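Following: one structure in structure tokens, then a few remarks.
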Amino acid sequence: MTPQKQADKNQHNLPPNYTPLEIEKEIREFWEKNQIREKLEQLQTSPIIKGNLGYVEGPPTLNGIPHIGHARGRIMKDIRYRWKTMEGYYIPFWAGWDCQGLPVELEVEKLLGVRNKRESIEKYGMERFIEECKKAIMRYHAMWLEADNRLGIAINQDKAYWTYKDSYIEREWQILKTAWDQKLLEEGQYVVPYCPGCQTSLSSAEVGYEGSYKEVEDPSMYFKFKITATQNEYLLVWTTMPFTVITDTMLAVQPKAEYARVKVGDEIWIMVRQRVEPLMAELEITNYQIIETIQGKSLESKAYDYPLKDMIPKQAELETKHPLVHHIIGEEFVDIETATGIVHLSPGNGEDDFWAAQRRGIPIYAPYDDEAKFTKDAGQFAGVFARDADMIVVEELRNRNSFVKIKKIKHEYPTCWRSHHKLIWIARKEYFLRTDKINSKVIEAAERVKYFYEEPKNRFIGFLKEGKPWCISRERIWGTPLPIWTCENCREKRFVASKKELLEVAQEEIPADFELHKPWVDRVTIKCNKCSSTMRREDFVLDTWHNSGASPHARFTDDEEAKYVPAAWLTEGIDQTRGWANSLLLERIILTDRAEAPYKAFLFQGLTQDAKGRKMSKSLGNVVQTNELLVKTSADLCRFYMTRKCSPVDFMSFDMQELNRRSYQVLSTLYHLSRFFMENATFDGFKPSKYPFELALKADKLQPADTWMLSVLQDTIEDYTTKLERCEFNTALAILDDFVIETLSRLYVPMIRKELWTDDPETFERRQTIYSSLHYTLKTVTLLFNPITPFLSEALYQKIYRQLEPDLPESINLTAWPTPNIAACNKPIKEQFEALLKIVSISFAARQQGKLKRRWPLAKVIVVAPQKTLDAVKPLEALLLEQTNVKSAEYLTTVPEYIGGENWVSNQEDDITVFISGKRDDKLLGEGIMRDLARRVQALRKELGFVPTEVLESVHIAELDAESMELLNPYLEEMAGLIRARKVYLHLRSSEVETRWFESELDGKKVFLNIH
Ligand SMILES: [Zn+2]
Ligand SMILES: [Zn+2]
């Protein structure tokens, strides 16, 4: 080898080992130093752009540390961004942060060590509390930035939106103003879920969140109300919430059902007929008798004696307000399959109850304060927290012969998604978006969206169909203030839509730089237009989901909104069917009054669990934090693993053990294939400009193996891109994975490797052709990998492809997405190879049955198959012999007579049978030994750091037994060629030569090697 060539082979800068962490550090610095992100952003104004694909970031809430579940969604977003950008689209991939509302406040309460809102205000004061909220979100923001940076998420952080900023709040108010003007925003009294822990109402969407239903223990109480003006007739009722007897207003029966009058002791109890026997068994009453059955309808409008009137004077007063108070009504919703078929209605505590009262004009009796304690309207119960009244009620009913039985039951019951307190339903005066009025538009818009998978779609549409009014007011501190001022005197209301307007209408001078938050905004008072009294702001902030749901409007300018909304594609967790996906949709329809969602496609991702399939939670201590993980784990491997592991909609069990297996195998194979190519190509002075792939293709210089591999590559490009388009990221990556491992590494490279082991000038042109197709193939694969593994792809791009072609774009992210090259597709060759590969695989199975190792050369293979298959495979005989490791082949359509006996092993699949002769003569044995030793020498070469192209001076082998030496002798020259050595020497004893011996083994016996 000339000194020049010696120097050439080191002209690439890929270290011998794939070390992803080092690569990633280097590439991160490269991106930063060369402002690659910023250059991607410039595509917005670039003339080659295909178009805009709108995007709005689903803002992570800055109330916690980013974990691996968050990473999964961010990886999907980044995959799509990098891929579509390479396809020539511009995406406003700009960050966004959810900064306020209940989740942040609760986190700050925890950080400050206070238990509730009242305590935070008492201890810290509102201004200080809000400063603490801001401090907390900035602290979490820094962690999110770090996570994005480590993961390689190319999102634009400079253009991030923050939901707490005045500019954002004002645009959010514009949506509310539209609702206000259309009478879709109103103050109203409805039954809403209320969390006693968080001391605020929730939206009905929030009740169904993942994990909010928990098994809890509640009382299960039977009680009875006496029918008015009877001696001893009682209605039997059941409840798990005894405190609601305090707000009881009516009883309801199923009009069409059959009820029974049952004699129990001296009394007559009424209950639904079909439940008599099970109820009596449950109540342990054996001595009873059904006297009569009656229609439910006949019970309607009967009055009953409400037993707690003496304790609650207001209940007596209610009877004078409406003739149906404490009467029986008929309602279709009454369930007769369980309990007694008689339901007590507390319109102040239940949704069905509430609507039943509303329909009849019955006053809503809801004597609760902001902490869900009874007010003085509840008489002797005043000051008692709702659920604490349970046992008092039981005792009082007992005292009045209204109590029957109580025990405990365990049942699934909704709890607060943040604090896990048991929710209670209370009729409250709140502000509601009357989304029930626009429900048909909402459904119509949602139906038009693409969801990629059926199940999440059904779940989403199913939820939307509930179509309840959206309670948007929250009794909290840190949030977007509800911009409604109400007159203290005449109750006139005024909606103020901007800071500017507020400054104009303020009664007193206020500093122009005041912030649109409590407590500052509360200090603004307005003079009432009607009665000249003072108007004060309604003391509510908005539901945090209203903040993020406003983003398509609030995060953009009007021009940008016109360009980027509806967004082309969004993705968030499946839990967002009740969260962001919903609020986005509702607010967009309110704003535009059109049946159009702010997104054309929405991929709901499955959630991420731990390796054992358990939910990740602080209490289990199994949360995998992104930053902690990526200090010691490669981002590329993590991205690969999380994409490949399962479908985006499936629950994913994140397993650290798995992470390094297949992902590492594939990426390190790609790395080493690239290195193999670069080493050989550099050695031969390959230049893509001199031997472009198109030229090799046109000049018809390709061998069948090249043509086959290139055809498979074209399919790979097409299938991979199609799967990405369908959001089947896992199967897309599987295709690429298979191409690298199977087609390239296991099949193609071994077919051409030997052709590269020579520097014979005769075959120079052929080697250039191989380099040319390998260059094209590996570069294409590297580009295809870029969305999934941007670090490795960029590294290979910089260190190989930009070295060979310095004129390429500065970063892989700025190159164009590969498209299939029709000219490189050859269907007949592909079919020939499919036949060949099938025969090879059958031959391996045959060898396995006969216990004949694959590396043993054997004399003959016989392929018995239909003529068509034989015709396909015959032209590839050289490859067939090499792949099956035999000396000759015969092709037949039927099994020949002479086959039989022990000399043949065979296997069959479909219409192909393969026979292999199992007999090994001296020649075959000798060659087998030679190949075994050659493999060991190759391993040693690698271990000692010899470059594959380097020619060894001499190879010494010692301590083989005499018989093996004799068998091996005729093959020494062939072996020298195979292992790229000038000469191979055999020694009986290692002591014969003074050298450094390396111990190895052959068929269980020690053998010694030396190379230099
Ligand atoms: Zn709560
Ligand atoms: Zn007024």
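The values are calculated or read from the model by the stated rules, or taken from the named source; none is laboratory data. These numbers were taken from a predicted model, which means no experiment stands behind them. Here the Cβ positions follow ideal geometry from the backbone for every residue, glycine too, while neighbour counts run over all protein chains shown.
Values as computed for the structure displayed
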{"quantity": "Which numbered condition LEU283 misses (of (1) among the aliphatic types (A, V, I, L, M); (2) in contact (Cβ under 8 Å) with a residue 60 or more places away in the chain; (3) surrounded by 19 or more Cβ atoms within 10 Å (Cβ to Cβ))", "calculated": "(3)"}
{"quantity": "Answer from TRP470, TRP520, TRP478 - the residue that is under 43 Å from the mean Cα position of the chain (by Cα), within 16 Å of ligand 1 (Cβ to nearest atom) and of a type outside the set (Asp, Glu)", "calculated": "TRP478"}
{"quantity": "Any hit, region 172-190, residues being within 16 Å of ligand 1 (Cβ to nearest atom), farther than 30 Å from TRP83 by Cβ and buried (at least 21 other Cβ atoms within 10 Å of the Cβ)", "calculated": "no"}
{"quantity": "Every pair of residues 6+ apart whose Cβ atoms lie under 7 Å, when the first sits in region 743-765 and is farther than 21 Å from LEU952 by Cβ and among the small types (Gly, Ala, Ser) while the second is crowded, with 16+ Cβ neighbours inside 10 Å and modelled with pLDDT of 85 or more", "calculated": "SER745/THR669; SER745/LEU673"}
{"quantity": "Leading residue by the ranking (surrounded by the fewest Cβ atoms within 10 Å (Cβ to Cβ)) among those in region 412-439 that are part of a strand (DSSP E or B) and of a type in the set (Ser, Thr, Tyr)", "calculated": "TYR413"}
{"quantity": "Within region 190-210, considering residues that are modelled with pLDDT of 80 or more and part of a loop (DSSP other than H, G, I, E, B), the one farthest from ligand 2 (Cβ to nearest atom)", "calculated": "GLY197"}
{"quantity": "Residue within region 313-335 that is part of a helix (DSSP H, G or I) and surrounded by 21 or more Cβ atoms within 10 Å (Cβ to Cβ) present", "calculated": "yes"}
{"quantity": "Options ILE227, ILE291; residue that is under 28 Å from GLN380 (Cβ atoms) and surrounded by fewer than 21 Cβ atoms within 10 Å (Cβ to Cβ)", "calculated": "ILE227"}
{"quantity": "Qualifying residue in region 611-631 (condition: in a helix (DSSP H, G or I), in contact with a strand residue (DSSP E or B) (Cβ under 7 Å, 6 or more places away or on another chain) and surrounded by 15 or more Cβ atoms within 10 Å (Cβ to Cβ))", "calculated": "yes"}
{"quantity": "From SER990, SER954, residue being touching a Phe, Trp or Tyr at 6+ places or on another chain (Cβ under 6 Å) and either of a type in the set (Ser, Thr, Tyr) or in contact (Cβ under 8 Å) with a residue 24 or more places away in the chain (or both)", "calculated": "SER990"}
{"quantity": "Residue within region 204-221 that is within 50 Å of the chain's Cα centre (by Cα), of a type in the set (A, V, I, L, M, F, W, C) and closer than 30 Å to GLU317 by Cβ present", "calculated": "yes"}
{"quantity": "Checking SER668 against (1) farther than 13 Å from ILE741 by Cβ; (2) in a helix (DSSP H, G or I); (3) touching a residue at least 24 places away in the same chain (Cβ under 8 Å), the condition it does not meet", "calculated": "(1)"}
{"quantity": "Filter result (of a type in the set (Val, Ile, Thr) and assigned to a helix (DSSP H, G or I)) within region 38-87", "calculated": "THR45, ILE68, ILE75, ILE79, THR85"}
{"quantity": "Residue in region 371-427 that is farthest from ligand 1 (Cβ to nearest atom), counting only those that are within 41 Å of the chain's Cα centre (by Cα) and at positive phi", "calculated": "ALA372"}
{"quantity": "Any hit, region 459-468, residues being in a strand (DSSP E or B) and either basic (Lys, Arg) or under 30 Å from LYS110 (Cβ atoms) (or both)", "calculated": "no"}
{"quantity": "Failed item, numbered, when GLU187 is tested on (1) over 30 Å from ARG261 (Cα atoms); (2) away from ligand 2 (no atom under 16 Å from the Cβ)", "calculated": "(2)"}
{"quantity": "Inter-residue pairs, beta-carbon under 6 Å, first among the small types (Gly, Ala, Ser) and in region 524-549, second part of a strand (DSSP E or B) and away from ligand 2 (no atom under 16 Å from the Cβ), 6+ apart", "calculated": "SER548/ASP98"}
{"quantity": "Any chance ASN489 is in contact with a Lys or Arg (Cβ under 8 Å, 6 or more places away or on another chain), more than 26 Å from TYR599 (Cα to Cα), in a loop (DSSP other than H, G, I, E, B) and polar (S, T, N, Q)", "calculated": "no"}
{"quantity": "Residue in region 436-449 that is in contact with a Pro (Cβ under 7 Å, 6 or more places away or on another chain) and away from ligand 2 (no atom under 16 Å from the Cβ) present", "calculated": "yes"}
{"quantity": "Those residues of region 689-719 which are touching a helix residue (DSSP H, G or I) at 6+ places or on another chain (Cβ under 9 Å), surrounded by fewer than 17 Cβ atoms within 10 Å (Cβ to Cβ), of a type outside the set (S, T, N, Q) and not in a helix (DSSP H, G or I), in sequence order", "calculated": "LYS690, PRO692, ALA699"}
